[in-house]
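All remarks here apply to the structure that follows.
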Ligand code: ATP
Ligand code: MG
Ligand code: MG
């Protein structure tokens, strides 16, 4: 295995270790908010944090960042756990920010007592006006110099539900003239009279993200709290909050930032993904067109392809967009090595082999992979009538057409050489049936002279009388634009591709009848396909994961 150079986060850790941090103090966390399903962007963070855990043999917590009861649900908590495990990672502990509500409250009371926090009775509009701008200092709230006693009384009454939403907040008393806007007396608590999915109605004040995150990291003794770039400007505040409670005998967590993963031809914000689900643009969070982990899983992606993608795309200090073709390349590369190869016809036309006996059938032994060991084989039935793809036949064509044409031969994969003699057409001139003859001695693998005859084309096929019907869902990109949410004057939904789902009635070889949900195959010459969860006893459903053609330019 080639030796990889360190990414910049690993370099920070190596420097800390070199400066005396002991390896057994390393601890990481992945902190999703349970307000939606995980997507391929989260996978970057998961692979980074859990990857560090594996590399340094350090624990990684799964911490649900559940401080906003309005948007959070148990359904999301469950789905997130399933997705992290499916990706192949194991956390040390499952924890919730809401576990720390009481501790956070007690600390807030301490801050009030130290004169470092106050209750503000203004509306959010009034507070916003006083905030100033990056070039203009803010002005102090008229409530900033309330006495400790009054603040304690008001904060208790906030907690006890005496005030309506939006009427009172608790703010940290830092500096309204600070160059960093986040330091201008940020809000620590707001009143929210909402049911919380874990703490029920115990609380009607909820802590803000900044107040919660650093303190949670500190409580869990996370050594490196890795988040995305938009939090870089929050780092001063993160440090200020931690320093208010920091006991020097313990570890002081450190926030470091990397660029979000963006992917071309999709959107990643959970708010926008939720919109697609709620407005019925897609059929749920796990619709195979969604960039969610559950959507990719249903589409046929493997955990290892997603991990390889995350590693290959790497992490960066600057915002950037990763080409979706790289993701597609990673799954193709994986399935090329792992998926059994079978035959299916998506756009069928009938071939009649006129010199093959009508009542005869043969079960031909066909390898699942001709180029690798260990895949085994299965019997594939052959008979007088078969289906091939419509586009694999032309009455006449030039020399470069290596498929079936009149008076020429092709080999049928795993079977015989056939020659087209004539065809039947309907009133529109469409070919409905092709009449061929076969070379009886040319069976693949039989060792005969005729079996070794070189003919240019090889076609996939299925026997008409043995074929299984299947519904095949062929997907295209969900958006027609590379950056659907990158337009100032247009909503991302204006770029939805109206033809992102194409349902085809196909014929597949009978060995696929017993395929199970998530089983993955190469349909020879067509692409990679996976069994969908909508499959029933009487209706086989496949999703096309990716076509064979690779558009990734290395
Ligand atoms: P969204 O805007 O989609 O709601 P979020 O950052 O609010 O994203 P969280 O559930 O809070 O979503 O994210 C959990 C963790 O995953 C955070 O550490 C966050 O920084 C990280 N993360 C989220 N989106 C991405 C992304 N696109 N690329 C890399 N990391 C991400
Ligand atoms: Mg969010
Ligand atoms: Mg977040």
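Here are a few things to note about the model shown:
- Per the listing 274, 192, 263, the residue uniquely outside the structural domain of residue 16 (by TED's automatic domain parsing), over 30 Å from residue 59 (Cβ atoms) and in contact (Cβ under 8 Å) with a residue 24 or more places away in the chain is 274.
- Residue in the range 144-158 that is more than 20 Å from residue 105 (Cα to Cα), modelled with pLDDT of 95 or more and surrounded by 19 or more Cβ atoms within 10 Å (Cβ to Cβ) present: no
- Reported count of residues in the range 365-406, each being loosely packed, with under 13 Cβ neighbours inside 10 Å and in contact with a helix residue (DSSP H, G or I) (Cβ under 8 Å, 6 or more places away or on another chain), is 1.
- Residue check, residue 225 buried (at least 16 other Cβ atoms within 10 Å of the Cβ) and assigned to a helix (DSSP H, G or I): no
- Screening the candidates 21, 54, 87, 17 for the property of being within 22 Å of residue 256 (Cα to Cα), touching a helix residue (DSSP H, G or I) at 6+ places or on another chain (Cβ under 7 Å), outside the structural domain of residue 290 (by TED's automatic domain parsing) and away from ligand 2 (no atom under 16 Å from the Cβ) yields one hit, 17.
- The strands (runs of 3 or more DSSP E) falling completely within the range 492-540 that include 3 or more residues that are surrounded by fewer than 20 Cβ atoms within 10 Å (Cβ to Cβ) and touching a residue at least 24 places away in the same chain (Cβ under 8 Å) map to 501-508.
Residue by residue, here is whether (1) surrounded by fewer than 22 Cβ atoms within 10 Å (Cβ to Cβ); (2) in contact with a strand residue (DSSP E or B) (Cβ under 9 Å, 6 or more places away or on another chain); (3) in the same structural domain as residue 438 (by TED's automatic domain parsing) holds:
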{"site": "292", "(1), (2), (3)": "no, yes, no"}
{"site": "299", "(1), (2), (3)": "no, yes, no"}
{"site": "306", "(1), (2), (3)": "no, no, no"}
{"site": "310", "(1), (2), (3)": "no, no, no"}
{"site": "328", "(1), (2), (3)": "yes, yes, no"}
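- Odd one out for residue 451, checked against (1) outside any helix (DSSP H, G or I); (2) within 47 Å of the chain's Cα centre (by Cα): (1)
- Residue within the range 400-414 that is assigned to a helix (DSSP H, G or I) and either more than 44 Å from the chain's Cα centre (by Cα) or over 24 Å from residue 350 (Cα atoms) (or both) present: no
- The lone criterion from (1) within 16 Å of ligand 2 (Cβ to nearest atom); (2) closer than 13 Å to residue 120 by Cβ left unmet by residue 167 is number (1).
- Applying the condition of being under 20 Å from residue 47 (Cα atoms) and in contact (Cβ under 8 Å) with a residue 60 or more places away in the chain to the range 228-253 and asking which residue is nearest to ligand 1 (Cβ to nearest atom) yields 228.
- Scope the range 415-436; condition outside any strand (DSSP E or B), surrounded by fewer than 20 Cβ atoms within 10 Å (Cβ to Cβ) and touching a strand residue (DSSP E or B) at 6+ places or on another chain (Cβ under 7 Å); matching residues: 426
- Flag for residue 409 being at pLDDT 95 or above and under 21 Å from residue 465 (Cα atoms): no
- Screening residue 54 against (1) within 16 Å of ligand 3 (Cβ to nearest atom); (2) within 30 Å of residue 330 (Cα to Cα) leaves a single unmet condition, (1).
- Set 251, 276: member being over 11 Å from the mean Cα position of the chain (by Cα), away from ligand 3 (no atom under 16 Å from the Cβ) and within 24 Å of residue 217 (Cβ to Cβ): 251
The values are calculated or read from the model by the stated rules, or taken from the named source; none is laboratory data. Quick caveat: nothing in here was measured; it's all calculated off a predicted structure. Here Cβ is always computed from backbone atoms with ideal geometry, including for glycine, and neighbour counts include all displayed protein chains.
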